[in-house]
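Here's the structure we're looking at; comments come further down.
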């Protein structure tokens with residue numbers, strides 16, 4: 001059923017600040033992945049735990065806070081983490097490859113294609129890619145910030161069939177399972193509605209960087225790409241093979257029937273927005289109900305500095321994000337032509353530009 005699989009392993013399953021890497025669990029993860037590979041599946045592992053492993057190696061009392069300390073701790077923990085994976089997979093006669101990524105590897109078109117090609121070669125050769133965010137060099141401008149979203153972006157990049165997000169929680173619950181062990185599990189999410197988002201509790205372990213909020217963000221990316229996603233308790237890694245066998249475990253997020261194209265996914269969920277355009281009611285109706293492009297006449301306000309070809313967020317008057325798109329004008333020119341009719345653009349700018357401020361082909365509705 002599922003040929004290409006991405007599995008994300010959370011810090012809570014891998015690293016303890018006192019004992020370091022949980023080697024027994026790494027061995028069990030490797031065995032579960034080996035069984036999938038033997039069945040002809042292609043598997044990528046997105047792993048957390050580098051900083052957690054570094055915390056234990058340095059005998060720190062808590063996770064570092066500053067970026068330089070995090071980077072140094074990750075630099076110490078990452079080789080320890082990969083050593084554990086290499087040893088475990090070698091026992092299974094499987095080669096692994098390490099890929100350390102930042103947001104730029106997804107945003108920059110050439111780097112995106114390079115990464116895509118690298119994954120393709122590794123999977124073709126039967127190698128299991130082990131992926132982590134490159135915490136040793138990433139700063140805020142190029143960080144994704146959590147491996148839940150990294151795993152969804154990798155799943156989109158390699159056009160996976162399913163993403164498994166494994167941590168120490170049983171799935172999405174109607175309540176906080178860390179506070180209420182009887183909290184009811186939501187077994188299937190057909191669509192991520194406001195009601196589903198209200199269930200999110202951003203609780204997380206002291207070594208972790210994610211939480212349920214980032215898992216829901218990942219689920220949105222996967223659903224839009226037509227990728228099934230499951231959140232489950234990976235305390236016992238045998239659950240990987242149980243899910244692949246079709247057994248109901250954790251929370252399953254159903255993919256959308258009409259998935260976005262690769263370009264639409266890039267605009268909506270990967271590209272960094274350089275500015276914001278506030279629209280009037282008429283423009284919103286044209287976008288949401290009539291499938292039209294955004295014209296300068298519907299623009300009320302411009303914020304941020306951007307160039308033609310950059311991605312911007314389109315908002316309503318209250319500031320709620322409605323869509324993202326590639327803008328045809330710079331922020332300076334957009335400010336000049338806001339509210340103007342198409343017939344006034346040449347006189348206002350002194351040159352003949354596009355009639356559309358954001359063309360429909362380069363626009364993705366978020367709501």
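Read-outs throughout are calculated quantities, based only on the coordinates presented, and are distinct from any laboratory measurement. For clarity, every value in this text was computed on a predicted model and none was experimentally measured. Heads up, the Cβs are rebuilt from the backbone with ideal geometry, glycines too, and the neighbour counts pull from every protein chain shown.
Structure notes:
- Highest average packing first - 235-241, 340-346, Cβ atoms within 10 Å: 235-241, 340-346
- Per-residue ellipticity at 222 nm computed for the chain from its helices equals -10500 deg cm²/dmol, with DSSP H segments shorter than 4 residues left out and the rest contributing -39,500 (n - 2.57).
- Extents of the chain, largest first, come to 71, 41, 40 Å (Cα atoms, principal axes, whole angstrom).
- Label-point separation in nm, residue 57 to residue 341, each point 7 Å along Cα→Cβ: 6.8 nm
- Folded to 0 to 90 degrees: helix 67-91 orientation relative to the chain principal axis, Cα: 50 degrees
- The angle separating the long axis of helix 212-225 from the principal Cα axis of greatest extent in the chain is about 70 degrees.
- Neighbour-count ranking [beta-carbon atoms within 10 angstrom, fewest first] of 66, 151: 66, 151
- From most to least packed by mean Cβ count within 10 Å, the peptides 279-292, 1-14 give 1-14, 279-292.
- FRET efficiency for residue 354 and residue 198, using Cβ-Cβ distance with R0 set to 45 Å, rounded to 0.05: 0.65
- Region 1-123 has equivalent-ellipsoid semi-axes of 26, 21, 11 Å, by the square roots of 5 times the alpha carbon gyration tensor eigenvalues, sorted largest first.
- Simple spin-label estimate for residue 87 and residue 263 in nanometres, 7 Å along Cα-Cβ: 4.9 nm
- Bridge orientation summary for the chain: considering DSSP beta bridges with both residues in this region, about 40 percent are antiparallel.
- Here the contact order of region 1-160, divided by its residue count and restricted to Cα pairs under 8 Å and six or more residues apart, works out to 28 percent.
- Counting beta carbons within 10 Å around each of 154, 127 and listing the fewest first gives the order 127, 154.
- Within a Gaussian network of the chain (alpha carbon springs, distance under 10 Å), most fluctuating of 39, 268, 232: 39
- Largest to smallest principal axis extent of the C-alpha atoms in region 273-365, angstrom: 32, 25, 24
- The chain: most fluctuating residue of 317, 70, 220 per GNM, C-alpha cutoff 10 Å: 317
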